[in-house]
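Following: one structure in structure tokens, then a few remarks.
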Amino acid sequence: MSGRLLPVLLLSLCLAVGSVQSQGSSQDAFIIQYLERRLSQMEERLNHCEQNTASLTQKTYDISSEIRGYLSAVSALRSEVKSQVDGVSVRVERVERELEYLENKIPTQTDIEIEEALLEQQIKAAELDQLKKKAKIKMEKDCSAALTQIKSLKIVKKVGDTSGSWFKDPSEGSAKVYLLSGIRNNTVLEYVSLQSFAERITTPPAKVLQLPFHWQGTGHVVYNGFLYCHKADTPNQIQKVDLLNGTVVDSTLIPGAGHVPVYGLNLNTYLDMAVDELGLWVIYADPEYGGNLVITKLDKGTLAVEYTWDTQCRSRDAEGAFLICGTLYVVYNIHYGGRSTIQCLYDIHDTIHSVESPVMFFPKRYTSHSSIHYHPGDKQLYAWDDGYQTIYKVETRVNDQTTAQ
């Protein structure tokens, strides 16, 4: 029995060992599978972490680039603000200096009162001086002629452009005739006499005078051998030229003149010079005075303004004007040419009035004048009528009211 028992025991032991070995192998396999699953999970997590890290890195880079852009804009804005602040600082400093300067320069109330009193005295002195000059102009010559009629017409010649001016030197003893053709040039033709000018073939030939500048318009005169004319490309500058040598000896600017043409029918003439028994004048239109004509008496030697009168004669529809003994006579017409008439006058002595004077007609011509100049010695008007050099004789009477004054 013991012999049979030993094999049985050995068999049981082998079975037990086999069972233990079988159980150990099963556990190892489970552990290995478990570890493999964990490793697989860890690998998946590591891959996920790598992906998140890469995404986070890209986002960080994008945010960094955006921040760098913002910093660059902030830097530029800071520079601009700094520049503006510096500019404001400079302006503030300048204003402070100017305020300090003004504080030092502003006079006291006493100084202001003294300056106002001085200014008032100067104004009164200037007004008195003007009144003296005006009285001198009125009384310096016995001039009492008043125009009553434009008596006759004589066409002397037809030469030059459709617009221009011609006249005699009204100074005593002078017989010379001058012609300026066109509305802009630098040439003056001088004739020894009216007879020489009227000849078909001028004998002796006309003297051609070339000026160092261009004149404009048709409002020129020659007086005592000097040409007085409007310098081209200037609004109101008058040049005085010695015709012996063609040099400019003096010039002046006429305040308020040159803004509009002096006559509505002569759009290229802004200053019209005139000579009468009292001396040298300039006629112009003033837009600030309703476009009416203004006359200014000039000293023929120095071109200084002696006195200025505002008239009630309109420049619209006017073609020319002239003065006789300090009275302005304005000639009117129509745009397409018609009969010239004198419809307005202004007397500096205030003895002749337009409302009391009848309308005076020129001898019938169906064109308009580009210039009209009065010669106080000949008692004639030298007019330029569509290229024709024309002379009108005028008839005057003694103005008793002027004589009585």
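The values are calculated or read from the model by the stated rules, or taken from the named source; none is laboratory data. None of the values given here were measured: they were computed from a predicted structure. Methodologically, a virtual Cβ is constructed for each residue, glycine included, from the backbone with ideal geometry; neighbour enumeration extends over all protein chains shown.
Overview of results
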read-out	value
Unique match (being touching a Phe, Trp or Tyr at 6+ places or on another chain (Cβ under 9 Å), surrounded by 15 or more Cβ atoms within 10 Å (Cβ to Cβ) and not in a helix (DSSP H, G or I)) among 249, 241	241
Residue 307, sole failed condition from (1) closer than 30 Å to residue 364 by Cβ; (2) in contact with a Ser or Thr (Cβ under 9 Å, 6 or more places away or on another chain); (3) of a type in the set (Phe, Trp, Tyr)	(1)
So residue 270, is it of a type in the set (Phe, Trp, Tyr) and under 26 Å from residue 399 (Cβ atoms)	no
Hits in the range 276-293 (condition: of a type in the set (Phe, Trp, Tyr) and either free of Cβ contacts under 8 Å to residues at least 12 places away in the same chain or crowded, with 19+ Cβ neighbours inside 10 Å (or both))	281, 284
Residue satisfying all of: in the range 252-278; part of a loop (DSSP other than H, G, I, E, B) and over 22 Å from the mean Cα position of the chain (by Cα); nearest to residue 305 (Cα to Cα) among these	278
Conditions (1) modelled with pLDDT of 70 or more; (2) part of a helix (DSSP H, G or I); (3) of a type outside the set (A, V, I, L, M, F, W, C): number failed by residue 170	(2)
Check on residue 23, in a helix (DSSP H, G or I) and at pLDDT 80 or above	no
Some residue of the range 363-378 being more than 21 Å from residue 151 (Cβ to Cβ) and surrounded by fewer than 22 Cβ atoms within 10 Å (Cβ to Cβ)	no
Positions within the range 160-176 being touching a residue at least 60 places away in the same chain (Cβ under 8 Å), charged (D, E, K, R) and closer than 17 Å to residue 187 by Cβ, in sequence order	161
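Every residue, every condition in (1) basic (Lys, Arg); (2) touching a His at 6+ places or on another chain (Cβ under 9 Å); (3) modelled with pLDDT of 90 or more, yes or no:
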{"residue": "357", "(1), (2), (3)": "no, no, no"}
{"residue": "360", "(1), (2), (3)": "no, no, yes"}
{"residue": "367", "(1), (2), (3)": "no, no, no"}
{"residue": "371", "(1), (2), (3)": "no, yes, yes"}
{"residue": "377", "(1), (2), (3)": "no, no, yes"}
{"residue": "385", "(1), (2), (3)": "no, yes, yes"}
{"residue": "389", "(1), (2), (3)": "no, no, yes"}
{"residue": "397", "(1), (2), (3)": "yes, no, no"}
{"residue": "400", "(1), (2), (3)": "no, no, no"}
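Condition check ((1) closer than 22 Å to residue 227 by Cα; (2) free of Cβ contacts under 8 Å to residues at least 24 places away in the same chain; (3) in contact with a Lys or Arg (Cβ under 6 Å, 6 or more places away or on another chain)) across all residues:
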residue: 314; (1), (2), (3): no, no, no
residue: 317; (1), (2), (3): no, no, no
residue: 320; (1), (2), (3): yes, no, no
residue: 324; (1), (2), (3): yes, no, no
residue: 329; (1), (2), (3): no, no, no
residue: 338; (1), (2), (3): no, no, no
residue: 343; (1), (2), (3): no, yes, no
